[in-house]
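A.B. asks: Dropping the structure in here first, questions after.
The values are calculated or read from the model by the stated rules, or taken from the named source; none is laboratory data. Everything numeric here is computed off the predicted structure, so don't read it as measured data. In this analysis, Cβ positions are derived from the backbone assuming ideal geometry, glycine residues included, and neighbour counts consider all displayed protein chains. The area values use the complete protein model at the heavy-atom level, side chains included, leaving out ligands, DNA and RNA. Shrake-Rupley method; radii C 1.70, N 1.55, O 1.52, S 1.80 Å.
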Amino acid sequence: MTVYAMLADGFEEVEALAVVDVLKRAEIEVYMVSVTGEKLVTGAHQISVCADICFDGADFDKCDMIFLPGGMPGTLNLKNHKGLTEQIRNFDKSGKKLATICAAPSILGEMGILNGKRAVCFPGFEDSLKGAIIADERAVTDGNIFTSKGMGTAIDLGLEIVKHVAGKEKSEELAGMIQYK
């Protein structure tokens, strides 16, 4: 299993890094991918992170999941990256996994990908989840789509992904190891 965590200037640092950290602890292969053209990406709170690769060097054929952190203007910067939105469409059409958190589920909603699916987002972005069934949970999985509410639910999203990729036992073991539950 290989996950590409997409980073754009203005991304929510904790959302991105907490999910990446949880997945790596579960021994899931994760690459942070910059859509800026530079490996150094500055988050919404002026914390800079060095991505592993830039978008143009990413091989999406070898990727099983795209993860989009929220944050502003990070979500807008991800949404406006034509190459990324093309890959999101390809992933959805082929049933590959898409994970989003905070404002980022709005990208999938505006693309029509959430139609008929249960989803959550940061409060106030629900109107952007076009056709979705709005759930009242911290993290939701519906088919190939994973969504979560925000920074405070980033570990929930990471553990939810682990549960579906590596099994419930691994997710529960990891939650105990990190003193989450």
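A.B. asks: How big is the accessible area of Arg89 in square angstrom, nearest 10, if you roll a 1.4 angstrom probe over the protein chains?
C.D. replies: Probe radius 1.4 Å; accessible area of Arg89 about 110 Å².
A.B. asks: Report the gain in length on full extension from Asp127 to Leu40: 0.36 nm times residue separation, minus Cα-Cα distance, nm rounded to one decimal.
C.D. replies: Difference between extended and current length: 28.1 nm.
A.B. asks: Compute the signed sum of charges (Lys and Arg +1, Asp and Glu -1) over the other residues within less than 13 Å, Cβ to Cβ, of Met32.
C.D. replies: Computed value for this residue: -4.
A.B. asks: In bins 5 Å wide, starting from 0, what share of all Cα pairs of region 8-99 does each bin hold, as a percent?
C.D. replies: 3, 14, 24, 28, 21, 8, 1, 0
A.B. asks: Taking a ≥ b ≥ c as the square roots of the eigenvalues of the Cα gyration tensor of region 1-40, is the shape rounded (a/c under 1.5), prolate (a/b larger than b/c) or oblate?
C.D. replies: In terms of gyration-tensor shape, oblate.
A.B. asks: Can you give the alpha-carbon Rg of region 111-177 over 2.2 N^0.38 Å, where N counts its residues?
C.D. replies: Rg over 2.2 N^0.38 Å, computed on Cα atoms: 1.16.
A.B. asks: Still on this structure: Under 13 Å from the Cβ of Asn115, count the other residues' Cβ atoms, weight Lys and Arg +1, Asp and Glu -1, and hand me the total.
C.D. replies: Net charge in that neighbourhood comes out at 0.
A.B. asks: To one decimal place, what Kirkwood hydrodynamic radius in Å is obtained for region 75-147 from all pairs of distinct Cα atoms?
C.D. replies: 11.9
A.B. asks: Here is a further query. Which percent of the accessible heavy-atom area of the chain goes to carbon and sulfur, probe 1.4 angstrom?
C.D. replies: 48
A.B. asks: Which values of log₁₀ I(q)/I(0), to two decimal places, follow from the Debye formula for the chain at q = 0.13, 0.17 Å⁻¹ with a uniform point scatterer at every Cα?
C.D. replies: -0.56, -1.01
A.B. asks: For n ≥ 4 DSSP H runs only, could you compute -39500 (n - 2.57) per run for the chain, divide by its residues and tell me the 222 nm figure to the nearest 500?
C.D. replies: After summing the helix terms and dividing by residue count, I get -10000 deg cm²/dmol.
A.B. asks: Which value, in Å², gives the accessible area per residue of region 91-181 when a 1.4 Å probe is used on the protein heavy atoms?
C.D. replies: Roughly 46 Å² per residue, with all protein chains present.
A.B. asks: Hey, in the GNM for the chain with a 10 angstrom Cα cutoff, which one of Thr100, Thr147, Thr85 fluctuates hardest?
C.D. replies: Evaluated over the chain, the most mobile residue of the options is Thr85.
A.B. asks: For region 28-82, list log₁₀ I(q)/I(0) at each q in 0.18, 0.19 Å⁻¹, using the Debye formula over Cα point scatterers of equal strength and ignoring solvent, two decimals each.
C.D. replies: Rounded to two decimals, the profile gives -0.62, -0.70.
A.B. asks: To continue, here is another question. Of Ala104, Ala119, Ala26, which has the largest mean-square fluctuation in a 10 Å C-alpha GNM of the chain?
C.D. replies: Evaluated over the chain, the most mobile residue of the options is Ala26.
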